[in-house]
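The values are calculated or read from the model by the stated rules, or taken from the named source; none is laboratory data. Just so it is clear, the model here is predicted, and its values are computed rather than measured. We place every Cβ from the backbone using ideal geometry, glycine too, and count neighbours over all the protein chains shown.
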Amino acid sequence: MKASKVHASNSVESWLVSAGRDGQPGSPLNVPLVPASNFVRGGQRAYTRNDGAPGWEALEEIVGGLEGGSSLAFASGMAGIAAIFDLLSVGSVVVLPDDCYQGVAALAFDGQKRGRWKIHPLGVTDTASWLKACEQADLIWLESPSNPLLTVGDLDIICAAPRKPGAILCVDNTFATPLNQRPLDLGADVSVQSVTKFIGGHSDLLSGVVTARNPALLAALKRSRDLGGATPGTLETFLAVRGVRTLALRLQRSQESAMILAEHLSDHPNVTLARYPGLPSHPTHEAASRQLKGYGTIISFDVRGDAQVADAVCTGVRLIQHATSLGAVESTIERRACIPGQEHLPPTLLRLSVGIENVQDIWADLDQSLRAS
Ligand SMILES: Cc1ncc(COP(=O)(O)O)c(C=O)c1O
């Protein structure tokens, strides 16, 4: 874990390509894969779970610079998120958006069932209630844009609001990526990335990163990682570093395509509603335009008909992959299952993650499947 900042004279694009390298004469350009758990005593490291590996540190330096803090890499996004929840004392109060990643909702509700904490779900746009909750809650959990409805909360207002002493305000920044939004600059204590998604970008790894500025909070999170053992894999961090080098290019391309596709979907006879923060018709377009540098690469939309029609659209695509997850080079589509706690989701809701394929090809594929279903 190294404190890192994007160099003032460097752009984010250059940081992505140059950060995390050793730079010593004779050393390889890319941090080598070091598959080691144990080291000869007397050096910088003794045991990888506690002392880290060179590849983890490269990833932490790159993401820390993007987010504007110090980063800790974990085995997955959920491992990092679980480490944050693990900091709570029994009886804590947690506020959670009513639309958020289903894994986080499940973790929170399971913990409540076991009497570990109490949850107060709040509407993403109910800013007045969030401000009130900040004064009482021990963990304020925000996710913006939300998964899967892509609602943008007033993060700038909520992150800057006074909160109970010792409370942690955390933003799941996976959908925005640190290129579009930097929660720590807004006043958040922690920013979370599922590296599995945009940072890795190739659907070939699981990893997560949490970033913070407060040294005591970082030390507590590191202790949770050391003792809980949710450490990142050596191969996974190698792949994540390789993947993140092209993040700016991938994001730019996918965002441009997402805007075009969202407009086409809005006009499609077999689509009843297209949700994309970049569309002026989106209910939180104004907040998105104020807070985000880009509107992201995810679109969710309702198909005309029922769940069977929605499933048929997913199985009818040929170029787009019918698969879960998001943020990779390939476009993926899936119907969001209505699991407990997610009853607000329409059964006809599809989530499309726009990849870097030719946008006309993506549209032709989606259009033929929508018309055939
Ligand atoms: C917004 C968001 N946060 C966190 C996660 C969890 O990340 P991981 O699958 O790497 O554990 C996901 C996974 O889909 C996600 O979409």
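Being hydroxyl-bearing (Ser, Thr, Tyr) and within 26 Å of SER331 (Cα to Cα) is the filter here; which residues of region 189-229 pass it? Show your work before the answer.
At the first step, the residues of region 189-229 found to be hydroxyl-bearing (Ser, Thr, Tyr) are 191, 194, 196, 203, 207, 211, 224.
SER191, SER194, THR196, SER203, SER207, listed by residue number.
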Given (1) within 16 Å of the ligand (Cβ to nearest atom); (2) under 22 Å from SER281 (Cβ atoms); (3) surrounded by fewer than 19 Cβ atoms within 10 Å (Cβ to Cβ), PHE109 misses just (2)
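When you go through ALA262, ALA230 one by one, which is the residue that is modelled with pLDDT of 95 or more, more than 30 Å from ASN50 (Cα to Cα) and touching a Phe, Trp or Tyr at 6+ places or on another chain (Cβ under 7 Å)?
Working: ALA230 fails: more than 30 Å from ASN50 (Cα to Cα).
None of the other options fit; the residue is ALA262.
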With the structure loaded, tell me whether ARG182 is buried (at least 19 other Cβ atoms within 10 Å of the Cβ), within 16 Å of the chain's Cα centre (by Cα), more than 16 Å from the ligand (Cβ to nearest atom) and farther than 17 Å from ILE81 by Cβ or whether it fails that test. yes
Of the numbered conditions (1) touching a Phe, Trp or Tyr at 6+ places or on another chain (Cβ under 8 Å); (2) modelled with pLDDT under 95; (3) surrounded by 14 or more Cβ atoms within 10 Å (Cβ to Cβ), HIS7 fails exactly one; give the number of that condition. (3)
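I want to confirm something. Restricting to region 351-366 and keeping residues that are in a helix (DSSP H, G or I) and surrounded by 15 or more Cβ atoms within 10 Å (Cβ to Cβ), which single residue is farthest from the chain's Cα centre (by Cα)? First the steps, then the outcome.
First, pick out the residues of region 351-366 that are in a helix (DSSP H, G or I): 359-366.
Of the ones still in play, those that are also surrounded by 15 or more Cβ atoms within 10 Å (Cβ to Cβ) are 359, 362-363, 365-366.
Values: VAL359: 24, ILE362: 23, TRP363: 25, ASP365: 27, LEU366: 25 Å.
Checked region 351-366; the qualifying residue farthest from the chain's Cα centre (by Cα) is ASP365.
For the condition loosely packed, with under 15 Cβ neighbours inside 10 Å and touching a strand residue (DSSP E or B) at 6+ places or on another chain (Cβ under 9 Å), what is the one hit in THR315, THR297, THR348, THR332?
Details: THR297 fails: loosely packed, with under 15 Cβ neighbours inside 10 Å; THR348 fails: loosely packed, with under 15 Cβ neighbours inside 10 Å; THR332 fails: loosely packed, with under 15 Cβ neighbours inside 10 Å.
Only one candidate passes the filter, namely THR315.
With the requirement that a residue be touching a strand residue (DSSP E or B) at 6+ places or on another chain (Cβ under 9 Å) and either loosely packed, with under 15 Cβ neighbours inside 10 Å or assigned to a helix (DSSP H, G or I) (or both), what does region 121-137 give you?
Applying the first criterion (touching a strand residue (DSSP E or B) at 6+ places or on another chain (Cβ under 9 Å)) to region 121-137 yields 121-124, 129-130, 133-134, 136-137.
GLY123, SER129, TRP130, ALA133, CYS134, GLN136, listed by residue number.
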Does at least one position in region 84-93 carry a residue that is away from the ligand (no atom under 11 Å from the Cβ) and in a helix (DSSP H, G or I)? yes
From the option list GLU236, GLU286, single residue qualifying as among the charged types (D, E, K, R), out of contact with any Asp or Glu (no Cβ under 6 Å at 6 or more places or on another chain) and loosely packed, with under 15 Cβ neighbours inside 10 Å is GLU286
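Residue check: is ASP110 assigned to a loop (DSSP other than H, G, I, E, B) and over 30 Å from ASN10 (Cβ atoms)?
Working: assigned to a loop (DSSP other than H, G, I, E, B): no; over 30 Å from ASN10 (Cβ atoms): yes.
When the stated conditions are applied, ASP110 does not pass them.
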